[in-house]
Amino acid sequence: MQHVLSAAQFDKETLEEIMAQAAQMEQIIADGQSDLAKGKVLATLFYEPSTRTRLSFETAMLRLGGSIISETDVNFSSITKGEVLSDTARIVGGYADIIAIRSKTPGDAKIMADYSGVPVLNGGDGSAEHPTQGLLDLYTIAKHFKLGQEPLTISYVGELITGRTVHSCSQMVKKFPNIKINFVAPEEIQIPDKYFDATTDTKHFELTDEILETSDVIYDTRIQKERLDLEIYQKHKNAFHFDAEKVNKMKPHAILMHPLPRVNEIAYEVDELPQAKYFEQAINGVPVRMALIARGLGLI
Ligand code: CP
């Protein structure tokens, strides 16, 4: 079954195949709609807040001609009454053909996959991973660079210890050759050891002009108040701030990404600069998730 649970499950060839399929989905979006998933139902179970991930999954299913059922608030789910996730999985798997889930606890998407009997797409499991975001990040990078063919320096900046988008994206880009990675964060919120590979990666504790000037991709992230001890959050909440002066130090063809939402990491003035690609990145979530749904349903 074509679950999407973790970046680790993908090899380079599969990543390339998904990106090619996402590119084909852009044509369906341009045409308006398809009947590819007609009669199929996607369940979106979102037990943590979301704007982009849930709505892009739902848009993707609607563009494919399918239907949606949705839980958008854990407080209105029987999980709040004490139901275990494995029971929810058995029930929702009986209603829907494919499930997208977001939850607070690492491993929940795997439980859903183990018990639902239908394909499961991990839309973020706590501080662990966000592999469908990783795929749309990869797709965005591949739209701007010859991924694997030209040397690329990718710098992940911000809160990396619980930053699930960075955990997934950085593992995926490392499946390609010619990638050098900088993890830029204070030590307390640096990348966990399990995602650090000394052969390709370097840790930095400050964002220097050299990193700004030499990176091809800067992937900024929010300091996540909801996942950190309050004291650590207060200490680092303004650790990095991208304004126009800083972004103008980037190479003209470099790109600034961010999984969004942003709080105060990127000044609004940056939105008009050519390096700002975070809105394009979020919109790329639709064709990528169309490809993942279609693959999960065995339609492509
Ligand atoms: N990037 C991302 O996961 O955004 P949402 O939390 O809005 O889904």
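Of all residue pairs spaced 6 or more apart or on separate chains, those with beta-carbon atoms under 6 Å, a first member in segment 265-290 that is within 18 Å of residue 51 (Cα to Cα) and part of a helix (DSSP H, G or I) and a second member that is more than 16 Å from the ligand (Cβ to nearest atom) and hydrophobic (A, V, I, L, M, F, W, C) are 287/22; 287/25; 288/22; 290/25; 290/64. Considering every residue within segment 238-246, establish whether at least one is closer than 19 Å to residue 145 by Cβ, surrounded by 16 or more Cβ atoms within 10 Å (Cβ to Cβ) and modelled with pLDDT of 95 or more. Scanning segment 238-246, I find no residue that is closer than 19 Å to residue 145 by Cβ, surrounded by 16 or more Cβ atoms within 10 Å (Cβ to Cβ) and modelled with pLDDT of 95 or more, so the answer is no. Restricting attention to segment 67-79, does a residue exist that is closer than 18 Å to residue 295 by Cα and in contact with a strand residue (DSSP E or B) (Cβ under 9 Å, 6 or more places away or on another chain)? Yes. Looking at the structure I just gave you, is residue 26 more than 14 Å from the chain's Cα centre (by Cα), within 15 Å of residue 291 (Cβ to Cβ) and surrounded by fewer than 21 Cβ atoms within 10 Å (Cβ to Cβ)? So residue 26 fits the description; yes. Checking the stated criteria, residue 262 turns out not to satisfy the condition of being surrounded by 16 or more Cβ atoms within 10 Å (Cβ to Cβ), among the basic types (Lys, Arg) and either in contact with a Pro (Cβ under 9 Å, 6 or more places away or on another chain) or not assigned by TED's automatic domain parsing to the domain that holds residue 159 (or both). Hey, among 156, 115, 95, which residue is crowded, with 16+ Cβ neighbours inside 10 Å and either within 22 Å of residue 40 (Cα to Cα) or not assigned by TED's automatic domain parsing to the domain that holds residue 233 (or both)? When all the criteria are applied, what remains is 115. Tell me yes or no: at least one residue of segment 128-142 is surrounded by fewer than 21 Cβ atoms within 10 Å (Cβ to Cβ), more than 22 Å from residue 228 (Cα to Cα) and under 19 Å from the mean Cα position of the chain (by Cα). Yes, the conditions are met somewhere in segment 128-142.
The set of residues from segment 21-56 being within 16 Å of the ligand (Cβ to nearest atom) and closer than 22 Å to residue 95 by Cα comprises 42, 44, 45, 46, 47, 48, 53, 54, 55, 56.
Residue by residue, here is whether (1) closer than 21 Å to residue 256 by Cα; (2) away from the ligand (no atom under 13 Å from the Cβ) holds:
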{"residue": "136", "(1), (2)": "yes, no"}
{"residue": "167", "(1), (2)": "yes, no"}
{"residue": "186", "(1), (2)": "yes, yes"}
{"residue": "213", "(1), (2)": "yes, yes"}
{"residue": "233", "(1), (2)": "no, yes"}
{"residue": "237", "(1), (2)": "yes, yes"}
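Condition check for residue 124 on (1) under 20 Å from residue 290 (Cα atoms); (2) of a type outside the set (D, E, K, R); (3) away from the ligand (no atom under 16 Å from the Cβ): one failure, at (3). Filtering 210, 159, 231 for residues that are under 23 Å from residue 53 (Cα atoms) and of a type in the set (Asp, Glu) leaves a single hit, 159. When restricted to residues that are over 23 Å from residue 281 (Cα atoms) and within 16 Å of the ligand (Cβ to nearest atom), segment 57-71 contains 3.
Out of (1) surrounded by fewer than 22 Cβ atoms within 10 Å (Cβ to Cβ); (2) aliphatic (A, V, I, L, M); (3) under 15 Å from the mean Cα position of the chain (by Cα), the odd one out for residue 290 is which? Unmet condition: (1).
Could we say that residue 56 is in a helix (DSSP H, G or I), of a type in the set (Gly, Ala, Ser), surrounded by 13 or more Cβ atoms within 10 Å (Cβ to Cβ) and in contact with a helix residue (DSSP H, G or I) (Cβ under 6 Å, 6 or more places away or on another chain) here? So residue 56 fits the description; yes.
The criterion of at least 2 residues that are under 20 Å from residue 200 (Cβ atoms) and at pLDDT 95 or above is met, among strands (runs of 3 or more DSSP E) falling completely within segment 59-175, by 152-157.
The values are calculated or read from the model by the stated rules, or taken from the named source; none is laboratory data. Nothing here was measured: the structure is a model prediction, and the numbers come from that model. With ideal geometry, Cβ positions are generated from the backbone for all residues, glycine too; neighbour counts draw on all protein chains shown.
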